[in-house]
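The block underneath contains the structure these notes are about, expressed in structure tokens.
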Amino acid sequence: MPQHLDHIAPVKPTRWQLFYNFAWVGLLGFGGVLPWARQMMVDRRGWVNEKTFNELLAIGQFFPGPNVCNVAIIYARKQHGLQGACLAVVGLYCFPSLITVSAGLAYASWWQHQTVQHVFGAISPIATGLMLGTALRLLKAMPPTTANYTVFVLTFILMGVLVVPLWTVLLISMTVSMVWRLIDRNA
């Protein structure tokens, strides 16, 4: 585990709390679970502070797989080893899996109804707003340095405007961020 994550646990959850709280995140996470996971871990439970959540998310985004699942694995593994990581992941995916299978069956049966199409159309801006709101909270918690803001804007332009593939964005942004930090440290 990276050294800078040693300050992860202002409040150490039990194994049951890991499972239970990540299950609620999964259950409530319509439109994406990142806002719910952040709110649960930082605001409601106090398991981590804003800075540590950002660090967990940054690491989680770098690995393959769903970001929030990676955050849950890294955090829960630090707290309770492999058992904690497994409990957090099972909790996170238990209800969404059941709901998604049920929704898939309903979708296949009822998609032709205009009301169902309107409901799904109404969900899209809500999910986008949740993600944007979380991104702004993460940005607010980031140390306000020129390097951080420059890399943030670079990443946004590469991903959101130029639609560069994710791995290319990660390689470019990570290189620029690391070089900038080396320059700042040596200055």
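The values are calculated or read from the model by the stated rules, or taken from the named source; none is laboratory data. Quantities reported herein were computed from a predicted structural model and do not represent experimental measurements. A quick note on method: Cβ atoms are made from the backbone with ideal geometry, for glycine too, and the neighbour counts reach across all protein chains shown. Please note that ligands, DNA and RNA were not included when accessible areas were found on the heavy atoms of the full protein model with its side chains. Shrake-Rupley method; radii C 1.70, N 1.55, O 1.52, S 1.80 Å.
Structure summary
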quantity: Percent accessible area from carbon and sulfur atoms, the chain, protein chains only, probe 1.4 Å; calculated: 71
quantity: Relative contact order [Cα under 8 Å, 6+ residues apart], the chain, whole percent; calculated: 23
quantity: Inter-probe distance in nm under a simple model that places probes 7 Å from Cα toward Cβ, at Met131 and Leu162; calculated: 2.0
quantity: Nearest-20 debye value, the chain charge dipole, Cβ charges on Lys, Arg, Asp, Glu; calculated: 340
quantity: Rounded, prolate or oblate (a/c below 1.5 giving rounded, otherwise prolate when a/b exceeds b/c) for the chain by Cα gyration tensor; calculated: oblate
quantity: Theoretical gain in end-to-end length, Ala147 to Val90 [0.36 nm per residue, Cα-Cα removed]; calculated: 16.8 nm
quantity: FRET efficiency for Ile123 and Val11, using Cβ-Cβ distance with R0 set to 45 Å, rounded to 0.05; calculated: 0.85
quantity: Per-peptide average of other Cβ atoms within 10 Å, ordering 149-155, 16-22, 106-112 highest first; calculated: 16-22, 149-155, 106-112
quantity: Per residue value of the accessible surface for the stretch 48-187 (all protein chains in place, 1.4 Å probe), Å²; calculated: 64
quantity: Loop-located trypsin sites (Lys or Arg not before Pro) in the stretch 35-129, at most 14 other Cβ atoms within 10 Å (DSSP); calculated: Arg45
quantity: Segment Val116-Glu50, extension gain: residue separation times 0.36 nm, minus the distance between their alpha carbons; calculated: 20.0 nm
quantity: Sequence ranges 116-127, 163-174, 63-74, ranked by mean other-Cβ count within 10 angstrom, highest first; calculated: 63-74, 163-174, 116-127
quantity: For the chain, calculated [θ]222 nm from helices alone, where every DSSP H run of n ≥ 4 adds -39500 (n - 2.57); calculated: -25000 deg cm²/dmol
